[in-house]
1. Grab the Cα-Cα distance for Arg25 and Val6, subtract it from 0.36 nm times how many residues apart they are, and report the gain in nm with one decimal.
2. Can you put Ser11, Ser22 in order of accessible area, largest first, using a 1.4 Å probe?
3. Where does each of Thr55, Thr29 land when they are ordered by accessible area, with a 1.4 Å probe and the largest first?
4. For Lys15, which lysines qualify as cross-link partners when the Cα separation must be under 21 Å and same-chain residues fewer than eight apart are set aside?
5. Leaving ligands, DNA and RNA out of it, rank Glu45, Glu50 by accessible area with a 1.4 Å probe, largest first.
6. Which percent, nearest 5, of DSSP beta bridges in the chain are antiparallel?
7. For the chain, what % of the accessible area comes from carbon and sulfur atoms, probe 1.4 Å?
8. Match the structure shown to one of the listed values (1) 14.0, 43; (2) 10.5, 29; (3) 13.4, 40 of Rg and Dmax of the Cα atoms in Å, computed from it, and give that label.
Amino acid sequence: MTINTVTLQLSISSKKVFFVCSYRRSGQTRPEYEGYCEKNNDMLEKIYSEDPFYTILTGDFNANNQKWY
């Protein structure tokens, strides 16, 4: 499975800042969705092990909720 995620590490005033942009395609099966979440969790754990000052997580997660419409 392909995970469409780009991670950028910046150093601003000697502080680590991570910028993550991720895309989850709509219509994924349950196993695909779980794989996407697992890979992103693994990535976030690696980022947090770097003790960042900020982590900015953005993207299109194709999350749907009837209350949003």
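1. 5.4 nm
2. Largest to smallest exposure gives the sequence Ser11, Ser22.
3. Sorted by accessible area, descending: Thr29, Thr55.
4. Those lysines meeting the cut-off are Lys46.
5. Largest accessible area first, the list is Glu45, Glu50.
6. The antiparallel fraction comes to roughly 55 percent.
7. 51 percent
8. The calculated read-out lines up with (1).
The values are calculated or read from the model by the stated rules, or taken from the named source; none is laboratory data. All figures in this text were calculated on a predicted structure; none of them were measured in a lab. Areas reflect the complete protein model, heavy atoms only, side chains present, ligands, DNA and RNA absent. Shrake-Rupley method; radii C 1.70, N 1.55, O 1.52, S 1.80 Å.
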